[in-house]
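Visitor: Next up is a structure, given as structure tokens.
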Amino acid sequence: MSDKPKNLTDIDNFWDLDSLLPKKRPVTPSYRQPNTDTVELTIGDDTSPKSNGAPVPPQSEMHYHVNGSKPLSAHEAARRLNELSMRERAESYRSKPLDPYLIYEPESRLIKRVEVSKWESKFNFYENFRTDAKRLWSREGTKCERASFFSYVPQYSQLKYSQMKWYLWWRENVRSGVWLRTDFCYILLYIYEILNCPDMISPEDGLNALCDIWLNYRTEHRRIDSYLCDWLCDYCLINKLPCPTKKLEPILGEIVSIANFREFYMDTGDTHSAAANILSYSSTYDWRGSRYVTEENIHIFAEHIRGAFDKVWHEVLSQGNDGNAAVCREFRIERTAYEGALCVYDMKRTLVIEYISYTRSPKFRFIVTDIIKYSENRIRMALGIKSRLKADELSDKVKQCIDEYFDKNLPAPKKSRQTKPQYAEVNEYDKLYEPETREFSLENALKIEQSSWSTTEILTAAFTDEVPEPIEDSPVEIVPTAPEPDGEDEFENFTKSLDTEAREALTLLINGNESGISEAAKKLGILADALADKINEAAYDIIGDTVIEETDIGYRIINDYKGDLEKWLK
């Protein structure tokens, strides 16, 4: 029999997949047969005891709460819920933290107040983990081969026999100060033990254990920084512990740049690290990239820039004694402790922190940047480097504080007047060739000058047909000559290094045309920003600073360098 379709209808039916499926059997809906048996009822009289239960109120009388409001009827509650947006409905069902059980003001310059509260809602996701952690806390391990292990959320229940054996042996070595190489998931499992078992280890010992794990495994497992920089902060705030500055001293500078709550690690008291941490994060200028910083003198720049900032920080900025406008603001944040960690519900905490923030203040970043530049200028001065950086954001009090530091620790060399060299005694023979010394006489000087001019006229007359006129006796005007420039001018080298278009653009800016950059860039077929960056990069390589800055309508020459550039562009 041929399978070819006989007509167009058969062709269309080829795509009817339902026809290929087996036919469904009719399903008779099941129902419960009514019970028609006779039932005997006993009706009590008035003397029978009455029930003490209260009747169920009708639905219209039942009360509901919507978004923490007063009790409402079911109809009114449903109507109110329908009026709320999806976001508001989610907020109404979201669990709210309980009132704080711990409120304290730490001894800190940045952190002013901390509130710690438990979670209202309960969850039982990880209750077995804490039970297993307590059961295995004191179990000792025996030496065994290393076993690999991976899990996004490591737990004891996921470990095989060989993995559990290795974990116990590795943990016993860690507690003894021996840091065996292991997988990162074992390290997370050990951290979870400490966070979830405060009744098994004291807060001080737990903090030391977390710091040791961090310092000894961060080289092998770099991602541990992103976890512990926040978890350790939460652990300290919950247990009223200060930042472990001394232990984390080698890595504090790196932690500040990745922590979510940076002020915890920036506030390290009166130590040198406090200023160093703020200096490393709150600056927009990297002094290590300066053309005058070399391998031979980098230690001088590093020592004295940090030393000067440390003095300014402790004597002016941190005390609020600066004459500038306010550079810091007070903030209040709410954060969930141990975010991303395996944590049982009664170890979860909500932290409310009131603190002073320097990281969110652009004004403070400008001030820190100019402190670095001003300090670098003083170091350049001490090293005999003439080029200077621009620093306009500093108050007189800050400049005075920096000058006091450098006058004491790295003073600039004073220029001494050159004295006449003392020669040895001249012998009798040399005296015969000494010039004859006479007292200065203005009359004799004028006679010598007049005689010189007369001789000049006689000699020049031989080459002309004109008869020289007699020269009258008159005093000669002495015109002072400009002193020779002391060494090579950096601005001359800068202007010579520019091409024709860039020099024309700077010339227009010197003449007050703020659209000079745009006009020159239009001729070149490039953007004005690209031409401005090109000029500033050339200036930075030779002078050590930029020479033009952007305005509302174009660009202009920085006032500090306008006079130096005019000399070579006009």
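Visitor: If amide H atoms are built 1.01 Å from N in the plane of the peptide, which residues on other chains or at least 5 residues away come under 5 Å of the amide H of R329?
Guide: S357
Visitor: For N173 and T455, compute 0.36 nm times the residue count separating them, minus their Cα-Cα distance, and round to one decimal in nm.
Guide: 91.0 nm
Visitor: To the nearest µm²/s, what D does Stokes-Einstein give for segment 494-569 at 10 °C and 1.306 mPa s, using the Kirkwood radius over alpha carbon pairs as Rh?
Guide: Value of D from the Cα-based Kirkwood radius: 132 µm²/s.
Visitor: Grab the beta carbon distance between E404 and R329, set R0 = 41 Å, and tell me the FRET efficiency rounded to 0.05.
Guide: Calculated transfer efficiency: 0.90.
Visitor: Order 330-338, 158-166 from most to least packed using the mean count of other Cβ atoms within 10 Å.
Guide: Final packing ranking: 158-166, 330-338.
Visitor: Using the Cβ atoms and a cut-off under 11 Å, what net charge is assigned to the surroundings of E220, where Lys and Arg are +1 and Asp and Glu are -1?
Guide: Net charge around E220: +3.
Visitor: For N260 and E315, what is the calculated FRET efficiency with R₀ set at 25 Å and r taken between the beta-carbons, to the nearest 0.05?
Guide: 0.25
Visitor: So what is the relative contact order for segment 104-409, in percent, with contacts set as C-alpha pairs under 8 Å and at least six apart?
Guide: 23
Visitor: Could I ask something else about it? Whole-Hz ³J(HN,Hα) for each residue in segment 246-257, computed from phi via Karplus 6.51 cos²θ - 1.76 cosθ + 1.60 with θ = phi - 60°, x for glycine and proline: what do you get?
Guide: So the J values, rounded to whole Hz, are 5, 6, 9, 3, x, 10, 4, x, 7, 5, 4, 7.
Visitor: Past 23 Å, Cα to Cα: identify those pairs from K246/K373; K363/K397; K386/K567; K496/K567, in the order given.
Guide: Distance filter (> 23 Å) returns K246/K373.
Visitor: Return a whole-number percent for the relative contact order of segment 494-569, with Cα pairs under 8 Å and 6 or more residues apart as the contact set.
Guide: Worked out over segment 494-569, it gives 34 percent.
Visitor: Kindly rank 110-117, 299-306 from highest to lowest mean number of other beta carbons found within 10 Å of each residue.
Guide: Packing order, densest peptide first, comes out as 110-117, 299-306.
Visitor: If r is the Cβ-Cβ distance from K386 to K523 and R0 is 25 Å, what FRET efficiency results, to the nearest 0.05?
Guide: 0.15
Visitor: Once amide H atoms are built 1.01 Å from N in the peptide plane, which residues 5 or more positions from F261, or in another chain, come under 5 Å H to H?
Guide: Correct list: empty.
Visitor: For R349, enumerate residues with amide H under 5 Å from its amide H, sequence gap 5+ or separate chain, H modeled in the peptide plane.
Guide: For R349, the qualifying residues are A337.
None of the figures in this text is laboratory data; all of them are computed from the coordinates on show. Keep in mind that this is a model prediction, so the values were computed, not measured. Every residue, glycine among them, receives a Cβ derived from its backbone with ideal geometry; neighbour counts consider all protein chains shown.
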